[in-house]
Amino acid sequence: MVRGKKSIERVTELMKDPKHIRNIGIVAHIDHGKTTLSDNLLSGAGIISEELAGKQLFMDSDEEEQARGITIDASNVSMVHEYEGVDYLVNMIDTPGHVDFGGDVTRAMRAVDGAVVLVDAVEGTMPQTETVLRQALKEQVRPVLFINKVDRLINELKVDDTEMQIRLGKVIDKVNKLIKGMNEEAYNNGWKLDASKGTVAFGSALYNWAVSVPFMQKSGISFKVVYEKCRAGDMKYLAKNSPLSEVVLDMVVRHLPNPLEAQPRRVNVIWHGDKETKEGKSMLACDPKGPVAMMVTDISFDPHAGEVATGRLFSGSLKRGDGLYVMGAAKKENRLQQVGIFMGPKRVEVEEIVAGNIAAVTGLKDAIVGSTISSLMEMTPFESLKHYSEPVMTVAV
Ligand code: GDP
């Protein structure tokens, strides 16, 4: 586990190597436990936490959010996770679970390559689970599944361990049915969820534990043990021997694609320019040496630095002082002032950001959410962000 300054150094090293990056979002129906999962992942993994973010639940940093108790701001946080002896950088974008903020889910899905779909074990999939899953699949964002609140299944519904496994199996089947219906090609090409392969994890975000089949094989913590410990109220045993952040982040690193793997598939869907151009080739290859191609997915305001544009860098590298163009705006250079990554409410400046990362920059005066930024004066812009809400209405955001 790395913390504070050391962690920032590690993050900046890992940022340069897209093979070791995972850009992910957690998507869920409201109240299924997304905030609890995010917070516990952050406190469990090697993250930029106390020093930078204070002790508050920093995925919910916005005052309005806290007042309303729902997550609005799609903030961004980076974690370092070690898997099989190798460090990975997990960039997690927070996504709102409330249906009114569907547009924010859309933006977040443009920036990431993978999604942890969280479903409450007791409630099962709900309408917003379908909406956010559809959004992810439309953006060619690969899903894994986390079934939460397993403690409630055992302690409130008092199911036995066989019934528990049957119920969990039903949730997996339902989510698979949705994936198949929404993107059959991806489903047939390995995106079908399969607990035995480790693309599903089960647990309790609240009590900080989780299991997956690969982790069970490693740790010896079987469903039977989970059941018995839950019944006995010994959540501490599970949190210690089967920690939530380790199990969930192992699943993320092992099964969600890195930017090099994800971009060829994603660029074909989110960018309709000529793939034979310099920028086309470079985006498909996630090439840090190619022309800059970035899509702005969020604009926020910093009292000191002014407008901060956050977005996914699909090609090229960003450095302070670079002159860039905003497609669709007047053809004048916007000069980058600060180049950084967003970690909760704080931005951390770095020297350079390479393709495959999520960047937070200042100086792009002409950018708005949805803008395509390039070092080229002209390039085909990314497809506009469209939010698909039920049943067929399409709203541009
Ligand atoms: P969000 O709306 O998806 O962000 O949901 P929250 O994280 O705010 O959780 C909603 C409620 O469910 C809160 O009261 C949490 O304490 C509770 N909760 C979250 N995860 C679990 C869990 O694993 N078990 C139980 N029993 N409650 C949980």
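The values are calculated or read from the model by the stated rules, or taken from the named source; none is laboratory data. Keep in mind the model is a prediction, meaning the values are calculated, not measured. Cβ sites come from the backbone with ideal geometry, for glycine too, and all protein chains shown count toward neighbours.
Observations, loosely collected:
- Any hit, segment 222-245, residues being surrounded by fewer than 22 Cβ atoms within 10 Å (Cβ to Cβ), of a type in the set (Phe, Trp, Tyr) and under 28 Å from the mean Cα position of the chain (by Cα): yes
- Helices (runs of 4 or more DSSP H) within segment 146-262 that include 2 or more residues within 25 Å of residue 20 (Cα to Cα): 213-219, 244-255
- Here residue 158 meets each of (1) more than 16 Å from the ligand (Cβ to nearest atom); (2) surrounded by fewer than 17 Cβ atoms within 10 Å (Cβ to Cβ); (3) not β-branched (Val, Ile, Thr) with one exception, condition (1).
- Qualifying residue in segment 180-190 (condition: among the hydroxyl-bearing types (Ser, Thr, Tyr), closer than 30 Å to residue 229 by Cβ and away from the ligand (no atom under 16 Å from the Cβ)): no
- Meets criteria (over 20 Å from the mean Cα position of the chain (by Cα) and more than 16 Å from the ligand (Cβ to nearest atom)) for residue 164: no
- Qualifying residue in segment 283-305 (condition: of a type in the set (Lys, Arg) and farther than 20 Å from residue 89 by Cα): yes
- Flag for residue 326 being out of contact with any Pro (no Cβ under 6 Å at 6 or more places or on another chain) and either crowded, with 20+ Cβ neighbours inside 10 Å or at pLDDT 95 or above (or both): yes
- Listed by first and then second residue, the pairs linking a residue in segment 110-126 that is over 17 Å from residue 41 (Cα atoms) and outside any loop (DSSP other than H, G, I, E, B) to a residue that is among the basic types (Lys, Arg) and away from the ligand (no atom under 11 Å from the Cβ), with Cβ atoms under 6 Å apart and 6 or more places separating them unless they lie on different chains, are 111/312.
- Pick from segment 135-154, criterion more than 8 Å from the ligand (Cβ to nearest atom) and in contact with a Gly (Cβ under 9 Å, 6 or more places away or on another chain), ranking: nearest to residue 189 (Cα to Cα): 142
- Number of residues in segment 15-34 that are touching a Phe, Trp or Tyr at 6+ places or on another chain (Cβ under 9 Å) and either assigned to a strand (DSSP E or B) or among the polar types (S, T, N, Q) (or both): the value is 4.
- In segment 336-377, counting only strands (runs of 3 or more DSSP E) that sit wholly within it, the ones holding 1 or more residues that are more than 25 Å from residue 39 (Cα to Cα) span 338-343, 352-354, 358-362, 372-374.
- Remark: pairs (first residue in segment 12-41, free of Cβ contacts under 8 Å to residues at least 24 places away in the same chain; second residue part of a loop (DSSP other than H, G, I, E, B) and within 13 Å of the ligand (Cβ to nearest atom); Cβ separation under 9 Å; 6+ apart in sequence or on different chains) = 39/57; 39/205.
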